[in-house]
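Undergrad: Sending over a structure as structure tokens; questions will come in a sec.
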Amino acid sequence: MAPCQAARIAGAAGPRLVHPADANMVFLRLVDDEAAALRLRGFEFHPWGPPDARCYRFVVSWDQPEGDVETLCETLLSWT
């Protein structure tokens, strides 16, 4: 299930997608305001690479609630 959910997030990321989804991981490039907005909504993710790259790694848990993925996808789509 996690690889399918990661693929959904990658599909919703649009130009923010840095690499294709890999198993349960998605790498996105976000501006500071976008990263802050996602954190305020309760999403957890980690910086990846040098700080100036603004790349973040999202890991989908194997028991991730579908609603979490849907909310993240809707948010990303609303920014495109």
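Undergrad: Could the peptides 47-57, 16-26, 66-76 be put in order, highest first, of the mean number of other beta-carbon atoms found within 10 Å of their residues?
TA: Packing proxy ranking, top to bottom: 16-26, 66-76, 47-57.
Undergrad: With n ≥ 4 as the cut-off for DSSP H runs, can you work out [θ] at 222 nm for the chain, using -39500 (n - 2.57) per run divided by the number of residues, rounded to the nearest 500?
TA: Values: 3 runs with 34 residues, N = 80.
-13000 deg cm²/dmol, from helical runs alone.
Undergrad: Taking 0.36 nm per residue of separation and subtracting the Cα-Cα distance, what length does fully extending CYS4 through VAL59 add?
TA: Details: separation 55, 0.36 × 55 = 19.80 nm, distance 1.22 nm.
So the chain would gain 18.6 nm between CYS4 and VAL59.
Undergrad: Can you work out the accessible area per residue across the chain, with the rest of the protein chains kept in place, probe 1.4 Å, in square angstrom? Intermediate values should be presented prior to the final figure.
TA: Values: 4730 Å² over 80 residues.
Solvent-accessible surface per residue comes out at 59 Å².
The values are calculated or read from the model by the stated rules, or taken from the named source; none is laboratory data. Owing to the predicted nature of the structure, the values given are computational and were not obtained by experimental measurement. Here Cβ is always computed from backbone atoms with ideal geometry, including for glycine, and neighbour counts include all displayed protein chains. What goes into the accessible areas is simple: the full protein's heavy atoms, side chains included, and nothing from ligands, DNA or RNA. Shrake-Rupley method; radii C 1.70, N 1.55, O 1.52, S 1.80 Å.
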